[in-house]
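Asker: Sharing a structure with you now.
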Amino acid sequence: MKNFTLLILAFLCMGAMVAQQRDCSTMDNLEYRKQLDPQLEARMQQIEEFTRQRIQEMGSQESITGNIITIPVVVHVIYNNANENISQAQIQSQLDVMNEDFRRTNTDADTRWSQAADTEIQFCLATVDPNGNATTGITRKSSSTTAWGTNDAMKKSSQGGVDPWNASEYLNMWVCNIGGGILGYAQFPGGSAATDGVVMGPQYFGSSAKGTGFYLSAPFDLGRTTTHEVGHYLNLRHIWGDGGCGVDDFVSDTPASDGANYGCDSTHVSCASTDMVQNYMDYSDDACMNLYTAGQKARMRAILDAGGSRRSLALSDKCGSAPTPTCTDGVQNGDETGVDCGGSSCAPCTIDPTCDDGIQNGDETGIDCGGSSCAPCQTACSDNEVTLTITFDQYPEETSWSIVTDGGTTVASTSYSAANADGSTVTETLCLPNDCYTFTINDAYGDGICCTYGSGSYTLTGPDGQIKSGGSFTSSEATDFCLGSTPPPTPTCDDGIQNGDETGIDCGGSSCAPCATGGTTTLHEGYFESGLDGWTDGGGDCYRYNGSRSYEGSYSMRLRDNSGTRSAMTSETFDLRGYDQVEFKLYFYPNSMENGEDFWIRYYNGSSWSTVATYASGSSFSNGNFYSATITLNSADVNFASNSQFRVQCDASANADQVYIDQVTVTGINGARATAESANSIQQLRTGPQGSVSGDFLMTPTITRGDITINLASYNVNSSYRVLNLLGQTVKAGTLKNGRLNVSELKSGVYLLEVSDEEEKIVQKFVKQ
């Protein structure tokens, strides 16, 4: 037993003596971020398409050249002990290695691979911080955390880390102990600005060949870990493409490989070719790496080129000279040159505001009254104080807003950037005179600020309380409001008819109820050809559809199932006061609705919703036909409010029951036009397209080398897909984004594309050349 125990200990000791292998967790971090950000894959695919097109436009990979690009770097050192608080000399040694490696001036460069190239990219420690102050390009923070992992916690001050500097102007590097034997990881282009950059362990950041006393661990002590991770940051994949011989790294001049190489075996052969173990994007030891290829150079420079996702880095001036402030009198009085007086370069300056009346009224000297030197001051608003509070989702840079008068004058507007932290809250305080306004909040991506990518929200509050709150919208949401009390004009309606000689507001309002016009006014027309036309979709069971089930044109709104407002489309608000009747008309096409399954027309009277019409399969309509339906509401029966709305809502079982809504009109009527018999009517128009959803499914081309365009028809934009070979094996899977799919990495052959959307599934065949 004793000899057996000694043998086990000997084996354990031998295992401990085996050299550590390189472990880059960039791909693991990518999968983690995809779970948090379902749109990430689509953005990365768009970047990939741009990169491929840019290289093709230039004619050859070697031709994407030009001026030397210098990228400003900020290094955030987060340390738990003295060793991890690496020296400035060690940090500078890493910058030196990066510049040598990217410019191919490294002393270990050789002629083994003729495609080795100078990338014409270099790096500098930033000399100017985001506030315009001089900086060393290094931040330091002590932490009780011993191992940070790969979930980006070190990039967030809310989790004990350090928030990035503006990612559009700086390459952010975090140096901290990751743990688990992980050397580093990076974020590919396309991810959130709030986590953009690279992360390295302190014992792998810097070069032992450029100084002594550094905290480094062989065989990864020559700075190539950072060179490798910055390659990922600039859109390079591992040289084996993170797959077998049939998987590519999207670079034509790197030989195919079936996996990572460790150590320094420069003779290893896989996929019928010698592996390029000297490439910085392999897993070789630091001493074995020495090159990027011309093809890799092309990919990196493409995203730094005009139109590229990291173009702003190539244009950043944060390596320039910091401004020198002038502070001759020791007081901040407006004549300083450069940064604001009071910064580290102008420490003697003091602030001397004048605030003799306790009110900020414009006659203060120096900074705005209300600062630490003038605490008693308060801002006086002689008009109406309006407060807007916004809590961002994961993409603050997509959010903007404006307030516009009825006359079309913009009185306030703001757009935000990635510098605003994900999930953070901002408050804007405005002073507005009496008038009527439209507040509009926008989301550039078209998914609102709640609730797919975070729990964003907004609240607009006026002197009399809340005006509007929300967060769940598409591209924008507009709210009308008035401030102040201006009495309405008094109408004159002596003959009981609105005939044009009335004084004041239109006759028919609350002050002139008996008036009638005998005319009609078109309040709304929704054809959905260029967008939602003022309608709001309720969620996944409501979708703007493109296909043959639209009554006119190509687009309509598809509703399905019975998931409440998710199965509904809701109109904008209408001021219906002053009308005798309101006519609501739509065209629809039902598909796969079972007997008794129905959809409703609902009306909001200013305080509550009610169902005003119900159409059921088997009694009101049959599947596969186009119909028109008209509902007429009377002011005597329902309340016509200033904020009235309509809603079309499906109430079918959750098994692919659908109704397609098109050509919706809302008409105001003065002088009764509809009779009781015609107040709720339905009319069959023509037979529509027959068959299942697959009849609308279109995939082009069916023979492809790379890209496939997919018309998702009644499917959601986030439909999942699988690509199967003829053996039924899944070879690719994911979520469709914007109807585009790239299959260039697949081997030549015949495949099946399966698209599914919760309960519906369709399959079509294609050929990969």
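Asker: Look at the range 392-427 and say how many of its residues are of a type in the set (Gly, Ala, Ser) and touching a strand residue (DSSP E or B) at 6+ places or on another chain (Cβ under 9 Å).
Answerer: The qualifying residues number 8.
To keep it simple, each residue is scored yes or no on (1) in contact with a Lys or Arg (Cβ under 8 Å, 6 or more places away or on another chain); (2) of a type in the set (Asp, Glu).
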position: ALA568; (1), (2): yes, no
position: PHE574; (1), (2): no, no
position: ASP580; (1), (2): no, yes
position: TYR604; (1), (2): yes, no
position: SER628; (1), (2): yes, no
position: ASN634; (1), (2): no, no
position: PHE646; (1), (2): yes, no
position: ALA652; (1), (2): yes, no
position: VAL664; (1), (2): yes, no
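Asker: Let me ask you something else. For ASP101, all conditions in the list (1) within 32 Å of the chain's Cα centre (by Cα); (2) buried (at least 18 other Cβ atoms within 10 Å of the Cβ); (3) in contact (Cβ under 8 Å) with a residue 60 or more places away in the chain; (4) not in a loop (DSSP other than H, G, I, E, B) hold save one; what is the number of the exception?
Answerer: The one condition ASP101 does not meet is (1).
Asker: While we're looking at this one, here's another question. Do we have TYR215 as among the hydroxyl-bearing types (Ser, Thr, Tyr), farther than 30 Å from GLN159 by Cα and touching a residue at least 24 places away in the same chain (Cβ under 8 Å) here?
Answerer: Here the answer is no, as TYR215 does not meet what is asked.
Asker: Scan the range 444-454 and give yes if some residue there is aliphatic (A, V, I, L, M), in a strand (DSSP E or B) and either crowded, with 17+ Cβ neighbours inside 10 Å or more than 15 Å from the chain's Cα centre (by Cα) (or both), otherwise no.
Answerer: no
Asker: Does any residue of the range 434-443 turn out to be closer than 30 Å to LYS155 by Cβ and modelled with pLDDT under 85?
Answerer: no
Asker: While we're looking at this one, here's another question. Does the range 522-573 hold any residues that are among the small types (Gly, Ala, Ser), part of a strand (DSSP E or B) and farther than 11 Å from VAL648 by Cα, and which are they?
Answerer: GLY526, SER556, listed by residue number.
Asker: Return the residues of the range 217-247 that are crowded, with 21+ Cβ neighbours inside 10 Å, hydrophobic (A, V, I, L, M, F, W, C) and out of contact with any Asp or Glu (no Cβ under 7 Å at 6 or more places or on another chain); say none if nothing qualifies.
Answerer: Listed by number, the residues that qualify are VAL230, LEU234, LEU236.
Asker: Just one of the numbered conditions (1) assigned by TED's automatic domain parsing to the domain that holds TYR170; (2) within 30 Å of SER217 (Cα to Cα); (3) surrounded by fewer than 23 Cβ atoms within 10 Å (Cβ to Cβ); (4) among the charged types (D, E, K, R) is not true of ASP265; which one?
Answerer: (1)
Asker: Would you point out the residue of the range 574-613, among those that are basic (Lys, Arg) and in a strand (DSSP E or B), that is surrounded by the fewest Cβ atoms within 10 Å (Cβ to Cβ)?
Answerer: Checking each candidate, the answer is LYS585.
Asker: Further question on the same structure: Yes or no: the range 179-187 includes at least one residue that is surrounded by fewer than 21 Cβ atoms within 10 Å (Cβ to Cβ) and on the phi < 0 side of the Ramachandran plot.
Answerer: no
Asker: Given the residues CYS542, CYS482, which is the only one that is exposed (fewer than 15 other Cβ atoms within 10 Å of the Cβ) and modelled with pLDDT of 85 or more?
Answerer: Exactly one of CYS542, CYS482 is exposed (fewer than 15 other Cβ atoms within 10 Å of the Cβ) and modelled with pLDDT of 85 or more, namely CYS482.
Asker: Now a separate question. State whether the residues of the range 227-241 include one that is farther than 26 Å from LEU36 by Cα and either of a type in the set (Ser, Thr, Tyr) or in contact with a helix residue (DSSP H, G or I) (Cβ under 6 Å, 6 or more places away or on another chain) (or both).
Answerer: yes
The values are calculated or read from the model by the stated rules, or taken from the named source; none is laboratory data. All values derive from a computational prediction rather than experimental measurement. FYI the Cβ positions are ideal-geometry reconstructions off the backbone, even for glycines, and counts take in every protein chain you see.
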